[in-house]
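Participant: Okay, here's the structure, questions in a sec.
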Amino acid sequence: EVQLVESGGGLVQPGRSLKLSCLASGFTFSNYGMNWIRQAPGKGLEWVASISSSSSYIYYADTVKGRFTISRDNAKNTLYLQMTSLRSEDTALYYCARQRLGARGPFDYWGQGVMVTVSS
Amino acid sequence: AIVLNQSPSSIVASQGEKVTITCRASSSISSNYLHWYQQKPGAFPKLVIYSTSYRASGIPSRFSGSGSGTSYSFTISRVEAEDVATYYCQQGSSNPPTFGSGTKLEIK
C-alpha cells in the first residue's frame with residue numbers, strides 16, 4: 001500500500017525557517033517524481049515544487065522561488081521541503097504527492113498533509 | 001502560467017442526478033495532461049480522472065471526463081451522497097502545473 005506521511009509542520013514566526021519531510025513507503029520511491037502542493041485554509045490547491053526521480057530536474061512556483069528548496073534522499077525514501085524567509089501567505093496545509101506517468105502526469109497519491117502556520 | 005477556469009463554483013444536486021463540471025484553459029493543453037481530483041471534506045485530494053478520460057484505480061464508472069484543446073468536462077452520471085466533495089481540474093501540460101479553483105458539490 002502506497003503511503004506518504006508528512007511531518008515537520010508547526011507554528012513559526014515570519015522570516016523564520018522550517019523543514020518539512022515526507023516519508024514514502026509501499027512503492028519504489030526512487031522511480032517517481034515527487035511534489036509539494038499546498039492549500040491555504042479554506043482555499044484551493046497550489047502547486048509549490050517538484051523534483052524528478054534522480055533530482056536532476058527541480059521546479060518551483062514563482063511564489064516560493066528563492067525561498068524554498070525541495071530535495072530528496074532516495075536511500076531514506078524521504079522527500080523534503082526547506083522553507084526559509086517564511087511569510088504569512090505561506091500559511092497552509094502542505095501535501096506531498098507522487099507523480100506518475102512522467103513530469104507532466106497526475107498526482108496519483110497524496111499524503112494527509114502537514115500544517116504550517118506563519119504568525120507572530 | 002496556464003489559468004484554468006472551472007465552473008460552476010458550486011452545485012447542489014439531488015441523488016441520481018447527472019452533474020457536469022467544466023474546466024476551460026487559458027491556452028490549449030494536451031489532453032494527456034488534464035486531470036481531475038476529488039477532495040472530500042477534511043480529507044486530502046484523490047485522483048479521479050487522469051489524461052482527460054481515464055478513471056484512476058478504484059473509481060466507479062459513474063465518473064467520466066472528456067474534452068480537448070482548451071475545453072474539458074467532468075461528469076458524474078448519477079450523483080450519490082458519498083460524492084459530496086470539491087472537485088478540481090489540473091493541467092500538467094506546461095510548467096507550472098496549475099489547478100482550477102474548484103467546484104463544490106452538495107446534495108439536496
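Participant: Being at the interface with chain A (Cβ under 10 Å from one of its Cβ atoms) and either surrounded by fewer than 23 Cβ atoms within 10 Å (Cβ to Cβ) or part of a strand (DSSP E or B) (or both) is the filter here; which residues of the stretch B:90-108 pass it? Break it down stepwise before answering.
Facilitator: Going through the stretch B:90-108, the residues at the interface with chain A (Cβ under 10 Å from one of its Cβ atoms) turn out to be B:90-102.
Within the stretch B:90-108, B:GLN90, B:GLN91, B:SER93, B:SER94, B:ASN95, B:PRO96, B:THR98, B:PHE99, B:SER101, B:GLY102 qualify.
Participant: Okay, moving on. For the structure I just gave you, tell me whether B:THR20 is part of a strand (DSSP E or B) and open to solvent by 50 Å² or more (accessible area, probe 1.4 Å).
Facilitator: So B:THR20 fits the description; yes.
Participant: Continuing with this model, one more query. I'd like to verify a number: residues in the stretch B:25-38 that are open to solvent by less than 20 Å² (accessible area, probe 1.4 Å) and over 18 Å from A:VAL2 (Cβ atoms), how many?
Facilitator: 4
Participant: Tell me which residues, restricted to the stretch B:61-73, are among the small types (Gly, Ala, Ser), more than 14 Å from chain A (Cβ to nearest Cβ) and either in contact with a Cys (Cβ under 8 Å, 6 or more places away or on another chain) or in contact (Cβ under 8 Å) with a residue 24 or more places away in the chain (or both).
Facilitator: B:GLY67, B:SER68, B:GLY69, B:SER71, B:SER73
Participant: Is the stretch B:39-60 home to any residue that is more than 14 Å from chain A (Cβ to nearest Cβ), over 23 Å from B:VAL12 (Cα atoms) and either open to solvent by 50 Å² or more (accessible area, probe 1.4 Å) or touching a residue at least 24 places away in the same chain (Cβ under 8 Å) (or both)?
Facilitator: no
Participant: A:GLY26 - would you say it is touching a strand residue (DSSP E or B) at 6+ places or on another chain (Cβ under 6 Å) and either away from every other protein chain (no Cβ under 11 Å) or buried (at least 17 other Cβ atoms within 10 Å of the Cβ) (or both)?
Facilitator: Details: touching a strand residue (DSSP E or B) at 6+ places or on another chain (Cβ under 6 Å): yes; either away from every other protein chain (no Cβ under 11 Å) or buried (at least 17 other Cβ atoms within 10 Å of the Cβ) (or both): yes.
So A:GLY26 passes the test.
Participant: Right, something else. Among residues belonging to the stretch B:39-66 that are charged (D, E, K, R) and assigned to a loop (DSSP other than H, G, I, E, B), point out the one that is farthest from A:LEU4 (Cα to Cα). Give the derivation first.
Facilitator: If we filter the stretch B:39-66 for residues that are charged (D, E, K, R), which is where we start, we get B:40, B:46, B:55, B:62.
Okay, now just the ones that are also assigned to a loop (DSSP other than H, G, I, E, B), so B:40, B:62.
Details: B:LYS40: 18, B:ARG62: 28 Å.
By that ranking, first place goes to B:ARG62.
Participant: Please verify whether B:TYR87 is under 18 Å from A:TRP110 (Cβ atoms), in contact with a strand residue (DSSP E or B) (Cβ under 8 Å, 6 or more places away or on another chain), open to solvent by less than 40 Å² (accessible area, probe 1.4 Å) and modelled with pLDDT of 95 or more, treating the condition exactly as stated. Step through it out loud before you land on a result.
Facilitator: Working: under 18 Å from A:TRP110 (Cβ atoms): yes; in contact with a strand residue (DSSP E or B) (Cβ under 8 Å, 6 or more places away or on another chain): yes; open to solvent by less than 40 Å² (accessible area, probe 1.4 Å): yes; modelled with pLDDT of 95 or more: yes.
Against the criterion (under 18 Å from A:TRP110 (Cβ atoms), in contact with a strand residue (DSSP E or B) (Cβ under 8 Å, 6 or more places away or on another chain), open to solvent by less than 40 Å² (accessible area, probe 1.4 Å) and modelled with pLDDT of 95 or more), B:TYR87 qualifies.
Participant: Further question: All but one of (1) open to solvent by 20 Å² or more (accessible area, probe 1.4 Å); (2) more than 10 Å from every other protein chain (Cβ to nearest Cβ) hold for B:ILE76; state the number of the condition that does not hold.
Facilitator: Going through the list (1) open to solvent by 20 Å² or more (accessible area, probe 1.4 Å); (2) more than 10 Å from every other protein chain (Cβ to nearest Cβ), B:ILE76 breaks only (1).
Participant: Inside the stretch A:26-112, counting only strands (runs of 3 or more DSSP E) that do not spill past its ends, which hold 2 or more residues that are aliphatic (A, V, I, L, M) and within 20 Å of A:ARG16 (Cα to Cα)? Explain how you work it out, then say what you get.
Facilitator: On the way: elements: A:33-39, A:45-51, A:58-60, A:68-73, A:78-83, A:92-99, A:107-110.
Filter on the stretch A:26-112 gives A:45-51, A:78-83, A:92-99.
Participant: Would you check which residues across the stretch A:47-92 are within 14 Å of chain B (Cβ to nearest Cβ), surrounded by fewer than 21 Cβ atoms within 10 Å (Cβ to Cβ) and among the aliphatic types (A, V, I, L, M) and list them?
Facilitator: A:ILE58, A:ALA61
Participant: Related question: Find all pairs meeting these conditions: Cβ atoms under 9 angstrom apart; at least six residues apart or on different chains; first residue within the stretch A:29-44 and more than 12 Å from A:SER55 (Cα to Cα); second residue part of a helix (DSSP H, G or I) and of a type in the set (Val, Ile, Thr).
Facilitator: Correct list of pairs: empty, since none qualify.
Participant: Given (1) of a type in the set (A, V, I, L, M); (2) touching a residue at least 40 places away in the same chain (Cβ under 8 Å); (3) closer than 22 Å to A:LEU93 by Cβ, where does B:ILE11 come up short, assuming only one miss?
Facilitator: (3)
The values are calculated or read from the model by the stated rules, or taken from the named source; none is laboratory data. What you see is a predicted model, and the numbers here were worked out from it, not measured in a lab. Counting neighbours? That spans all protein chains shown, and the Cβs are built from the backbone with ideal geometry, glycine included. Calculation scope for accessible area: heavy atoms of the full protein, side chains included, ligands and nucleic acids excluded. Shrake-Rupley method; radii C 1.70, N 1.55, O 1.52, S 1.80 Å.
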